[in-house]
Amino acid sequence: MAVGEIRPGYELWRPNRERSESVTTKFIVVFLLVVSAALIALIALTGFPLLDGGSSMGIICFIFAIVYLAFAYFIARWSRGVLPVVGAFAVLLIIFCVVGADSWFARDKAGFDEALLPSPLIGTLLVLLIPIQVLLLVAATIGFSQEWHVEEERPIGSGEDYGAGAPPENGIASPA
């Protein structure tokens, strides 16, 4: 039988995707990615006229938000391979936030142009993004270690989960 073919009468089953820990981790990672993308877009939109480098830095911020939404889409579809990339992007965004937050707080003086939101609020949003990225990094690391990619064959329609909460064959639970 060739690699990748399933025997007749069998189906592929991914047992690690059915565990509550895996489902919770996937939800947390997707949620943190969407929240991060929203914050990045809000910061870029409100601070767009003042971003260093003119519009090019604002465009980079919007691209970052779109990439985070793409990551959320792939992870929602159980793509484990994007999790290390999410971790790398989270570290990169932590560095950008740490470097950039101080400059937004420094704009709270007379003579500076004002953004759509007050500059200290934009700085606060950047500081808020740091712990979110740390949580995202941790959740992505945990998700990668949960082995979402493991596949097993099982007879079609058996629906067995090999003892993880399945009722006993005779319907009576055995004493522990």
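Scanning the stretch 38-83 for residues that are surrounded by fewer than 17 Cβ atoms within 10 Å (Cβ to Cβ) and not in a helix (DSSP H, G or I) yields Asp52, Gly53, Gly54, Arg77, Trp78, Ser79. The set of residues in the stretch 38-82 being touching a Gly at 6+ places or on another chain (Cβ under 9 Å) and either among the aromatic types (Phe, Trp, Tyr) or at pLDDT 90 or above (or both) consists of Phe48, Phe74, Ile75.
Looking only at residues of the stretch 7-37 that are at pLDDT 95 or above and of a type in the set (Gly, Ala, Ser), we find that the one that is surrounded by the most Cβ atoms within 10 Å (Cβ to Cβ) is Ser36.
The values are calculated or read from the model by the stated rules, or taken from the named source; none is laboratory data. Small disclaimer: the values here were computed from a predicted structure and weren't measured. For neighbour counting, all protein chains shown are included, and Cβ atoms are generated from backbone atoms with ideal geometry for every residue, glycine included.
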